[in-house]
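Please treat every number below as a calculation from the coordinates, not as lab data. It should be emphasised that the depicted structure is a prediction, and the values quoted were computed from it without experimental measurement. Every residue, glycine among them, receives a Cβ derived from its backbone with ideal geometry; neighbour counts consider all protein chains shown.
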Amino acid sequence: MPAADHPKAEPADPNDWPDLDWPDLDWRDEAIPVSRRFDDPYFSLAGGLAETRHVFLAGNGLPDRFRPGFHIAELGFGTGLNLLATLLSHQGPGPLHFTSFEAFPLPPEAMARALAAFPETAPFRSALLNQWATQSGPTRSLSFPGLTATILIGDARETLPAWGERADAWFLDGFSPAKNPELWSPDLMHQVARHTAPGGSFATYTAAGHVRRALAEAGFTVTRQPGFGRKRHMSTGSLPA
Ligand SMILES: C[S@@+](CC[C@H](N)C(=O)[O-])C[C@H]1O[C@@H](n2cnc3c(N)ncnc32)[C@H](O)[C@@H]1O
């Protein structure tokens, strides 16, 4: 579909969307995208934006740690909700950098429908969708006030080892480790640590033992924290400064 055909209108109400049937997605409660490939929702059924704030922002001590040049990296760009939550949390001086690794980029229509469930994201949603609709290829560059984002398209098992930068904070947001084990393997967690600045951190919604052990073996001091929604625990950690 040419970029000009992508929807430009702000979807005011998720229920206003036509029955958009993207081949790889089901929609739970008409609003939450569920991957057919992985049989898992893109974000918590208990509230995606609140989950992002609890798990990924607070779990990494953000926004308090933001400073000019601060670099967030993410495994799994999905709908872009974590990027929008980061933008909403960022009041201080920029620029921040946000790099996300994504193997199966969603079409802008699907992102728009998912993000429409979060009216709070309105200040940055159109900017994200309009830029996303014009981007293609393996490296997608997005620009926002105070933040630049790079989305690296491809299997993170190949793109992360080749990445030439280090993050100050990681959002580990693959589908559940049981359904998307390749995004939580010891090798990939080692690559996450290798691409983390001294004193850098990670946060993830999962408290799966094998993921926590892989992150600890990669060099992180791993801590169990209260989880979001029905999840009793989540995990955070940091490298020595
Ligand atoms: C839970 S969703 C991420 C949700 C996202 N952070 C958001 O804000 O909407 C997991 C993402 O990981 C991606 N993914 C799964 N396996 C991958 C792989 N091997 N390499 C890169 N991305 C992968 C999926 O396509 C999906 O977009």
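Structure values in brief
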read-out: Candidates PHE56, PHE104, PHE175: whichever shows maximal mean-square fluctuation once the chain is modelled as a Gaussian network with Cα springs under 10 Å; value: PHE104
read-out: Two-site label geometry, GLN135 and ALA162: point separation in nm, points 7 Å out along Cα→Cβ; value: 1.7
read-out: Computed E for ALA207/THR148 - FRET, C-beta separation, R0 45 angstrom, nearest 0.05; value: 0.90
read-out: Residue of GLY137, GLY219, GLY154 that the Gaussian network model of the chain assigns the largest fluctuation, springs spanning Cα pairs under 10 Å; value: GLY137
read-out: Dipole magnitude of the chain, debye to nearest 20 (Cβ charges: Lys/Arg +1, Asp/Glu -1, about Cα centre); value: 940
read-out: Where N is the number of residues in the chain, Cα Rg divided by 2.2 N^0.38 Å; value: 0.95
read-out: Nonlocal amide H pairs with MET234, under 5 Å, H built at 1.01 Å; value: GLN225, GLY227
read-out: Size-normalised alpha-carbon gyration radius of segment 41-182, reference 2.2 N^0.38 Å; value: 0.97
